[in-house]
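In what follows, a structure is listed as structure tokens, so that the remarks can point back to it.
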Amino acid sequence: MLDDRNIPHRVHIVGAGGAGMSGLAKLLSQLGHDVSGSDVKPGYMLDTLRDVDVDVWVGHRPDRIADVDLVIASSAVPDSDPELRAARTSGIDVWRRPTLLSALSSRQTTIGFAGTHGKTTSTALAVTAMRGSGKDPTFLVGGEMVGMNTGASLGSEDLFLLEADEAFGTFRHLDLDAILVTNIESDHLDHYGTVAALEDAFAQVA
């Protein structure tokens with residue numbers, strides 16, 4: 001099972017309405033953490049978190065995070081976000097999404113699925129195959145699994161299957177035992193600058 005001993009108990013997630021962040025919120029809740037989440041706009045993903053006992057709200061509520069141990073923000077959330085500023089002012093640790101993924105992937109066998117196209121589908125296919133063969137992996141997919149109504153679930157085995165996203169250099173922070181790369185095309189050049197730099201990032205991870 002996923003080992004979370006290096007993650008504080010009370011966690012607030014900023015940007016919890018995104019597919020990737022909502023999945024992480026679900027995993028932390030299933031692990032027994034006291035999880036809350038916020039996003040600047042309502043949405044389906046935010047609503048699904050209420051079903052797994054995550055306290056969520058829309059908008060900025062810096063007054064509601066005073067008692068948390070850790071704030072985790074999507075890489076897309078600016079440093080000027082009121083909840084992030086309140087956390088730092090109060091001395092609360094602030095992590096970005098890659099740091100949490102690093103913490104989760106560092107203590108169990110982790111297989112990542114990367115590529116410009118097809119990484120969500122490939123991750124979902126691997127999860128389906130594993131579950132069909134009687135395995136029970138933990139998984140994190142950047143979308144909802146067909147027939148499961150979720151993109152994340154805590155498994156009982158020492159195996160973590162996750163979508164290894166290249167955006168913001170996220171996959172560089174993962175502790176992977178294996179990786180499948182579907183393809184590489186020009187993308188996220190606002191972060192990498194050139195296709196050559198993007199290809200080099202994939203080469204370093206693989």
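The values are calculated or read from the model by the stated rules, or taken from the named source; none is laboratory data. What you see is a predicted model, and the numbers here were worked out from it, not measured in a lab. Methodologically, a virtual Cβ is constructed for each residue, glycine included, from the backbone with ideal geometry; neighbour enumeration extends over all protein chains shown.
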**Q.** Filter result for Ala76 (of a type in the set (Gly, Ala, Ser), outside the structural domain of Asp200 (by TED's automatic domain parsing), out of contact with any strand residue (DSSP E or B) (no Cβ under 7 Å at 6 or more places or on another chain) and in contact (Cβ under 8 Å) with a residue 60 or more places away in the chain)
**A.** yes
Q) Does segment 5-17 hold any residues that are in a loop (DSSP other than H, G, I, E, B) and surrounded by fewer than 21 Cβ atoms within 10 Å (Cβ to Cβ), and which are they? A) Arg5, Asn6, Ile7, Pro8, His9
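Starting from residues that are among the small types (Gly, Ala, Ser) and out of contact with any strand residue (DSSP E or B) (no Cβ under 9 Å at 6 or more places or on another chain), keep the ones in segment 114-170 and report whichever is nearest to Ala203 (Cα to Cα).
It comes out as Gly169.
The rows are residues; the columns are (1) of a type in the set (A, V, I, L, M); (2) in contact with a Pro (Cβ under 8 Å, 6 or more places away or on another chain).
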site: Arg85; (1), (2): no, yes
site: Thr116; (1), (2): no, no
site: Ala126; (1), (2): yes, no
site: Ser133; (1), (2): no, no
site: Thr138; (1), (2): no, no
site: Glu144; (1), (2): no, no
site: Leu154; (1), (2): yes, no
Q) If you take the residues of segment 161-196 that are surrounded by 14 or more Cβ atoms within 10 Å (Cβ to Cβ) and among the small types (Gly, Ala, Ser), which of them is nearest to Arg131 (Cα to Cα)? A) Ala164
Q: Say whether the condition of being crowded, with 16+ Cβ neighbours inside 10 Å, within 16 Å of Ala87 (Cβ to Cβ) and out of contact with any helix residue (DSSP H, G or I) (no Cβ under 6 Å at 6 or more places or on another chain) is met by at least one residue in segment 38-47.
A: yes
Q) What is the residue count in segment 13-64 for residues that are touching a residue at least 60 places away in the same chain (Cβ under 8 Å) and under 17 Å from Val77 (Cβ atoms)? A) 9
Q) With respect to the numbered conditions (1) touching a residue at least 12 places away in the same chain (Cβ under 8 Å); (2) over 25 Å from Gly32 (Cβ atoms), which one is the sole condition not fulfilled by Thr89? A) (1)
